[in-house]
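The values are calculated or read from the model by the stated rules, or taken from the named source; none is laboratory data. Keep in mind that what you see is a predicted model, and the values were worked out from it rather than measured. Note that each Cβ is placed from the backbone with ideal geometry, even for glycine, and that neighbours are counted across all protein chains shown. The protein model used for the area step is the full one, side chains on, heavy atoms only, and it has no ligands, DNA or RNA in it. Shrake-Rupley method; radii C 1.70, N 1.55, O 1.52, S 1.80 Å.
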Amino acid sequence: MESLLLNNLLSWIIWFPLIGILIILFTDKKHESFIKWVSLITIIIDSILSIYLLVNFDFSKVGFQFVEKKRWIEFINSYYFLGVDGVSILFIPLSTLTTLLCILISWDSIKELVKEFYLALLFTNIAMVGTFCALDLVIFYLFWEAILIPMYLIIGIWGGPRRIYSAIKFFLYTFFGSVFMLIGIIYLYIKFGTFDYTILINQKYPFLVESLLFLGFAIAFAIKVPMWPVHTWLPDAHTEAPTAGSVILAGILIKLGGYGFIRFALPMFPQAALYFSKLFLVLSVIAIIYAGLVCLVEDDLKRLIAYSSVSHMGFVTLGIFSFNPIAMKGAILQMINHGIVTGALFMCVGIVYDRTHSRSISYYGGLATSMPVYAALFMVFTLASIGLPGTNGFIGEFLILLGTFLSNKTMVVFGATGVIIGAAYMLWLYQRVFFQELNPNIAKMPPLKINELTALILPTILVFWIGLYPNLFLNFMTTSVQNLLMNLK
């Protein structure tokens, strides 16, 4: 039984939410409590399976593990091909944890079309996990695009007043980028007759062809990150999305761009990646500084955290295009860290928004008096966001800056200013919301509910676990990163 589970473990993790989806589909929409519990239990089991995957992963081995390869569409030579290595392994439990947090934080806040909302969440979980496991380019592209459908619905149906505009903008931006990647995938198939990633990474191209293919994939990944100047869809999507939508966007969706660069763009087109690396380093630094400065003048809580995501993801792409093993591991770990911390910050904003229906920073003041536990947890995520030593945010940014310094000292000088700017806008935000004179409008705020407290405690544990024992997580990626960079030289 155990060997059967291990041999098909990735499929179990990807498709297990289908059981919850089928149960919910045949449940009357009036039974909202039952629908919520089915969703919660489904994702808890899926999370346990993803942890089981981590426990059984051998981080000393080179190459992919838990590989599943079965013929799918024979006449185009496409396979149902799954596998994970040190680059992708940590994103699997991050995906299931993110969905779990979304269910918890939405327990009381979603009051309309509850059945459809939880169906969308479970479907999103399938697409997210599948994207990180896919090793056939057709399968990868299908999962990559499948995420757009539930996210478009989550923003467009359960979002704020400008939800339709934001949902369409989100869809058009990301779909536009994906078209270029699709053209590249079709070219690769015509030339080599396969969609197999393990075969395609060993192919050689004329430099012009390789550059065009790299740019095709890079446009799709840059929009998803999002890098400056194709970042403008993110603040709008975050602002109008319900809390769960913002958590998925911050926790997983924008990580797909960074993951795509590391998994596909760099190893498949190494010479072009090296050639364009300085351009991407400059764009990363611009994103770090520009988005940080925007945060200093924002009065909308969600837009501020959204722009902070652009700045933090600038550090990630800085680490990726430094082509240094220390910076690369820092970039992967920082994607995990950002998903945890920024997802938690969006949950914090959602908690007070549900009580006040205001996202304006100036509306609040003295919130630490009326919600002390909430204030303490918000402080933890604030300090993690600015990279306080002992939190997960520190180790990720430190490794990125250290590795980048070893390969490009100039970029570190500019990039490091983002750390100072980040501390300025986050601490100023905290001071305005929690420590000013108590606003009478929020003097009697209800305390945290059990589902809200649980949703915030889980990322709090990870903030300190990763911050104090990072080697446990870095060990997963060391071998894979070294192998990837070795093939780039």
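So what's the net charge close to Asp300: Lys and Arg +1, Asp and Glu -1, counting the other residues with Cβ under 15 Å from its Cβ? The partial results should precede the final answer.
Numbers: positive: Arg162, Lys302, Arg303, Arg359, Arg432; negative: Asp236, Glu240, Glu298, Asp299.
Local net charge: +1.
Counting other Cβ atoms within 10 Å of each Cβ, which chymotrypsin sites (Phe, Trp or Tyr not before Pro) in the stretch 1-105 have at most 13 and sit in a DSSP loop?
Details: sites: Trp12, Trp15, Phe26, Phe34, Trp37, Tyr52, Phe57, Phe59, Phe64, Phe66, Trp72, Phe75, Tyr79, Tyr80, Phe81, Phe91; in loops: Phe26, Phe57, Phe59, Phe64.
Sites meeting the loop and neighbour criteria: Phe26.
List the trypsin sites (Lys or Arg not before Pro) in the stretch 375-467 that DSSP assigns to loop (not H, G, I, E or B) and whose Cβ has at most 13 other Cβ atoms within 10 Å. Which are they?
Working: sites: Lys409, Arg432, Lys444, Lys449; in loops: Lys444, Lys449.
Loop-located and lightly packed - Lys444.
Apply the Karplus parameterisation 6.51 cos²θ - 1.76 cosθ + 1.60, with θ equal to phi minus 60°, to every residue of the stretch 123-131 and state each ³J(HN,Hα) to the nearest whole Hz, in sequence, with x for glycine and proline.
The phi angles translate into 5, 4, 4, 4, 5, 5, 5, x, 4 Hz.
For the chain, which longest stretch is free of loop sites, where a loop site is one of the GluC sites (Glu not before Pro) that DSSP puts outside H, G, I, E and B and that has at most 16 other Cβ atoms within 10 Å? Before the final figure, lay out the partial values.
Numbers: sites that count: Glu112, Glu437.
In short, 113-436.
According to the square roots a ≥ b ≥ c of the eigenvalues of the Cα gyration tensor, what is the shape class of the stretch 59-102, taking rounded for a/c under 1.5, prolate for a/b larger than b/c otherwise, and oblate for the remainder? Write out the running numbers ahead of the final one.
Details: a/c = 4.11, a/b = 1.50, b/c = 2.74.
Note, shape of the stretch 59-102 comes out oblate.
Apply the Karplus curve 6.51 cos²θ - 1.76 cosθ + 1.60, θ = phi - 60°, to the phi angles in the stretch 467-483 and return the couplings in whole Hz, x for Gly and Pro.
x, 8, 10, x, 4, 4, 8, 5, 4, 4, 9, 4, 4, 5, 5, 4, 5
What is the set of long-range amide H partners of Ala241 at a cut-off below 5 Å, with H atoms built 1.01 Å from backbone N?
HN-HN under 5 Å from Ala241: Gly160.
Give me the percent of DSSP beta bridges within the chain that run antiparallel, rounded to the nearest 5. Present the calculation step by step, with values, prior to reporting the outcome.
Values: 9 of 9 bridges.
The answer is about 100 percent antiparallel.
Which of rounded, prolate or oblate describes the stretch 106-171 when judged by the alpha-carbon gyration tensor and an a/c cut-off of 1.5? All intermediate terms of the calculation are to be shown ahead of the outcome.
Details: a/c = 3.62, a/b = 1.65, b/c = 2.19.
It is oblate, given that a/c is not under 1.5 and a/b is not larger than b/c.
So what are the ³J(HN,Hα) numbers for the stretch 15-32, from phi and the Karplus equation (6.51, -1.76, 1.60; θ = phi - 60°), rounded to whole Hz, Gly and Pro as x?
9, 4, x, 4, 4, x, 4, 5, 4, 5, 4, 9, 9, 4, 4, 5, 8, 5
List the residues whose amide H sits under 5 Å from the amide H of Val84, counting only those 5 or more places along or on another chain, with H placed 1.01 Å from N in the peptide plane.
Counting only residues 5 or more places away or on other chains, the set is Gln65.
Send over the per residue convex hull volume for the stretch 233-344, Cα only, as a whole number of Å³. Could you put the intermediate results ahead of the total?
Numbers: hull volume 10.3 nm³, N = 112.
It is 92 Å³ per residue.
If contacts are Cα pairs under 8 angstrom and at least 6 residues apart, what is the relative contact order of the chain in percent? Walk me through the numbers before you get to the answer.
Values: 804 pairs, mean separation 76.9, N = 489.
Relative contact order of the chain: 16 percent.
Work the Kirkwood hydrodynamic radius out for the chain: mean of 1/r over every pair of different alpha-carbon atoms, inverted, in Å. Write down the numbers at each step before the final one.
Values: mean 1/r = 0.0444 Å⁻¹.
About 22.5 Å for the chain.
What does the accessible area per residue of the chain come to in Å², with a 1.4 Å probe and no ligands, DNA or RNA counted? Kindly include the intermediate steps, with their values, before the conclusion.
Values: 18390 Å² over 489 residues.
Solvent-accessible surface per residue comes out at 38 Å².
Per 10 Å bin, what percent of the C-alpha pairs of the stretch 362-478 does each bin hold, from zero upward?
Binned Cα distances yield the sequence 13, 33, 32, 16, 7, 0.
Determine the sum of side-chain charges near Pro150: Lys and Arg each +1, Asp and Glu each -1, restricted to other residues whose C-beta is under 15 angstrom from that of Pro150.
On the way: positive: Lys115, Arg163; negative: Glu116, Glu145.
Local net charge: 0.
Counting Lys +1, Arg +1, Asp -1, Glu -1, what net charge surrounds Tyr173 among other residues with beta carbon under 12 Å of its beta carbon? Could the numbers behind the result be given before it?
Working: positive: Lys169, Lys224; negative: Asp236.
Result for the local shell: +1.
List the trypsin sites (Lys or Arg not before Pro) in the stretch 190-279 that DSSP assigns to loop (not H, G, I, E or B) and whose Cβ has at most 12 other Cβ atoms within 10 Å. Which are they?
Working: sites: Lys191, Lys204, Lys224, Lys255, Arg263, Lys278; in loops: Lys204.
Qualifying residues, ordered by number: Lys204.
How large, in percent, is the carbon and sulfur part of the accessible surface of the chain at a probe radius of 1.4 Å? Please list the in-between numbers first.
Details: 12890 of 18390 Å².
Roughly 70 percent of what the probe reaches on the chain is carbon or sulfur.
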